[in-house]
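Step one of this worksheet: look at the structure below.
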């Protein structure tokens, strides 16, 4: 592959869970801009259609697939329509929810919800996708969206880092088990980025203290994740599997 086409996604189809909003929307737009056909999957249909309309307006191809990643039976219905669209070459396992309670205060229901979406949902999506890839005997790339908190601790959100730490380890297990099928499994571990969800945290005392610890002294722009995404999705990373790419402005660098 020539250097100029390393990140070209033309002729590929990518499934993005949680693709209607937030970072998932960015991932979908990035992949479509690189030439991929994008399948957007999430529970809420309206954000999916809005993102799909932007992709189509820019000359790309997008499809919407209503899907609750915590419901294993829902995958059968959602994936039954995929052969009519094409194949899945890339899965971006992005669907997730945050945890906002201390270990003493978090309810069992809230604990289970975070674990179900962030960990079980990622496993179900990856398993369903891997089965499709294996059935057609073709290589593929699965990208799990973990977090810098998968290897760090933050007060008051313990169930979220626990789920992301498990997802990081699950990524490595998937990479080992599925390498024989030519399926690469890697992860991106984002730090803090400018999104609607991060605004309140950044304005808090805890958020301001965190910014002072960051070498770059700022949150990331969501577009700064596009390079890592295209690296792992494209042929530029054919010899990478089980890797975790941290994109956090240096937040996780130990400082003495």
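The values are calculated or read from the model by the stated rules, or taken from the named source; none is laboratory data. Since this is a predicted model, take the numbers as computed values, not measurements. No Cβ is skipped: glycine too gets one built from the backbone with ideal geometry, and neighbour counts run over all protein chains shown.
Identify the residue in the range 134-160 that is at pLDDT 95 or above and surrounded by 19 or more Cβ atoms within 10 Å (Cβ to Cβ) and, among all such residues, is nearest to residue 102 (Cα to Cα).
Checked the range 134-160; the qualifying residue nearest to residue 102 (Cα to Cα) is 146.
For residue 10, state whether it is more than 17 Å from the chain's Cα centre (by Cα), part of a helix (DSSP H, G or I) and at pLDDT 95 or above.
Criteria not met by residue 10.
Among what's in the range 71-83 and is under 22 Å from residue 113 (Cβ atoms) and in contact with a helix residue (DSSP H, G or I) (Cβ under 7 Å, 6 or more places away or on another chain), pick the residue that is surrounded by the most Cβ atoms within 10 Å (Cβ to Cβ).
Checking each candidate, the answer is 75.
Where residues in the range 162-175 are out of contact with any strand residue (DSSP E or B) (no Cβ under 9 Å at 6 or more places or on another chain) and surrounded by fewer than 19 Cβ atoms within 10 Å (Cβ to Cβ), which of them is nearest to residue 148 (Cα to Cα)? Quick ask: steps written out before the conclusion?
Filtering the range 162-175 down to residues out of contact with any strand residue (DSSP E or B) (no Cβ under 9 Å at 6 or more places or on another chain) leaves 162-163, 165-166, 169.
Okay, now just the ones that are also surrounded by fewer than 19 Cβ atoms within 10 Å (Cβ to Cβ), so 165-166, 169.
Numbers: 165: 9, 166: 12, 169: 13 Å.
Restricting to residues being out of contact with any strand residue (DSSP E or B) (no Cβ under 9 Å at 6 or more places or on another chain) and surrounded by fewer than 19 Cβ atoms within 10 Å (Cβ to Cβ), the top hit is 165.
Quick check: anything in the range 39-53 assigned to a helix (DSSP H, G or I) and touching a helix residue (DSSP H, G or I) at 6+ places or on another chain (Cβ under 6 Å)? Lay out the reasoning, then the answer.
Applying the first criterion (assigned to a helix (DSSP H, G or I)) to the range 39-53 yields 45-53.
From what's left, touching a helix residue (DSSP H, G or I) at 6+ places or on another chain (Cβ under 6 Å): 51.
Yes, some residue in the range 39-53 is assigned to a helix (DSSP H, G or I) and touching a helix residue (DSSP H, G or I) at 6+ places or on another chain (Cβ under 6 Å).
Can you spot a residue in the range 220-235 that is in contact with a helix residue (DSSP H, G or I) (Cβ under 7 Å, 6 or more places away or on another chain), without any contact (Cβ under 8 Å) to a residue 40 or more places away in the chain and surrounded by 15 or more Cβ atoms within 10 Å (Cβ to Cβ)?
The answer is no, given that none of the residues of the range 220-235 is in contact with a helix residue (DSSP H, G or I) (Cβ under 7 Å, 6 or more places away or on another chain), without any contact (Cβ under 8 Å) to a residue 40 or more places away in the chain and surrounded by 15 or more Cβ atoms within 10 Å (Cβ to Cβ).
Answer yes if at least one residue in the range 133-148 is part of a helix (DSSP H, G or I), without any contact (Cβ under 8 Å) to a residue 24 or more places away in the chain and under 29 Å from residue 209 (Cα atoms), and no otherwise. Quick ask: steps written out before the conclusion?
Initial filter on the range 133-148 (part of a helix (DSSP H, G or I)): 133-135, 148.
Within this subset, residues satisfying the condition of being without any contact (Cβ under 8 Å) to a residue 24 or more places away in the chain are 135.
Adding the requirement that they be under 29 Å from residue 209 (Cα atoms) leaves none.
No.
Among what's in the range 87-103 and is surrounded by fewer than 15 Cβ atoms within 10 Å (Cβ to Cβ) and more than 21 Å from the chain's Cα centre (by Cα), pick the residue that is modelled with the lowest pLDDT.
Among residues in the range 87-103 that are surrounded by fewer than 15 Cβ atoms within 10 Å (Cβ to Cβ) and more than 21 Å from the chain's Cα centre (by Cα), the one modelled with the lowest pLDDT is 102.
Looking at the range 50-70, which of its residues are without any contact (Cβ under 8 Å) to a residue 24 or more places away in the chain, on the phi < 0 side of the Ramachandran plot and either out of contact with any strand residue (DSSP E or B) (no Cβ under 9 Å at 6 or more places or on another chain) or surrounded by fewer than 21 Cβ atoms within 10 Å (Cβ to Cβ) (or both)? Before the answer, list the steps.
Step one: filter the range 50-70 for residues without any contact (Cβ under 8 Å) to a residue 24 or more places away in the chain, giving 52-53, 56-57, 59.
If we keep only those that are on the phi < 0 side of the Ramachandran plot as well, we get 52-53, 56-57.
Result: 53, 56, 57.
Being touching a residue at least 60 places away in the same chain (Cβ under 8 Å), within 30 Å of residue 211 (Cα to Cα) and under 19 Å from the mean Cα position of the chain (by Cα) narrows it down to one of 129, 168, so name that one. Please lay out each step first, then the result.
Values: 129 fails: within 30 Å of residue 211 (Cα to Cα).
Checking each option against the conditions leaves just 168.
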